[in-house]
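Q: Below are the structure tokens for one structure; questions will follow.
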Amino acid sequence: MTFQQFTNETSLLERIARADKNALSQLYDRYGRILYALSFKILGSQEEAEEVVLDVFSQVWRIAQRYDPKKGKVDAWLFTLTRSRALDRLRILQRHEKTATASMEAALTPSQSTANPEEDLLIAERRDRILAAMAQLPIEQREVLELAYYQGLTHTEIATQTGKSLGTVKTRIRLGLEKLRLALSSWQFE
């Protein structure tokens, strides 16, 4: 990197610190792809990698004034932010995967049967259809629905546990429920 590029990128961060959206856009154009590649390499998921990159640039928008050119180059700072976010997200996903597996196992465990074998069969069939529909949801939506319905967490508790904003949690729950409704609408429950 030449001195001029270093100075130019530092000035972009200075402009971002002054709420210049155009500067953020320029920085994103320069680094969005490579930060996505780094995130994807860590997470192995397109959706997760995209979310990490958006989180990083959102963080850059909020903390650009804290960047200190004496401590390192802009690209190194961005790579560090991205790696940190991606690893945090990976840990959360692994934790939630364990929770989801336990929830799915609990859901698959037959409950006490009723005196009516037909009713038992209907309950098992409904459970299987719901689990199949849940498995089709994107992990972000499935995760918040499982936290809300299997663990009984409130939207605020889910936001705290996942590290996502309350609005993001509510949107994911709403979208997940809409997709479930659509997936289950073709099945007739009695």
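Q: Can you name the residue in region 143-190 that is assigned to a loop (DSSP other than H, G, I, E, B) and polar (S, T, N, Q) and is also modelled with the highest pLDDT among such residues?
A: Once the filter is applied, the top-ranked residue is SER165.
Q: Oh, and also: Is it fair to say LEU121 is over 14 Å from the mean Cα position of the chain (by Cα), modelled with pLDDT of 85 or more and farther than 21 Å from GLY176 by Cα?
A: No.
Q: While we're on this one: Give me the pairs, please: first residue somewhere in region 45-70 and in the same structural domain as ASN8 (by TED's automatic domain parsing) and under 19 Å from ALA86 (Cα atoms), second residue anywhere and among the small types (Gly, Ala, Ser) and assigned to a helix (DSSP H, G or I), beta-carbon distance under 7 Å, and either six or more positions apart or on two chains.
A: ALA49/SER39; VAL52/SER39; VAL52/ALA86; VAL53/GLY32; VAL53/SER39
Q: Next up: Residue by residue through region 122-142, note down the ones that are surrounded by fewer than 20 Cβ atoms within 10 Å (Cβ to Cβ) and assigned to a loop (DSSP other than H, G, I, E, B).
A: If the condition is that a residue be surrounded by fewer than 20 Cβ atoms within 10 Å (Cβ to Cβ) and assigned to a loop (DSSP other than H, G, I, E, B), then GLN136, PRO138 are the ones that fit.
The values are calculated or read from the model by the stated rules, or taken from the named source; none is laboratory data. Here the structure is a predicted model, which means the values were calculated and not measured. Virtual Cβ from ideal backbone geometry, glycine too; neighbours counted across all protein chains shown.
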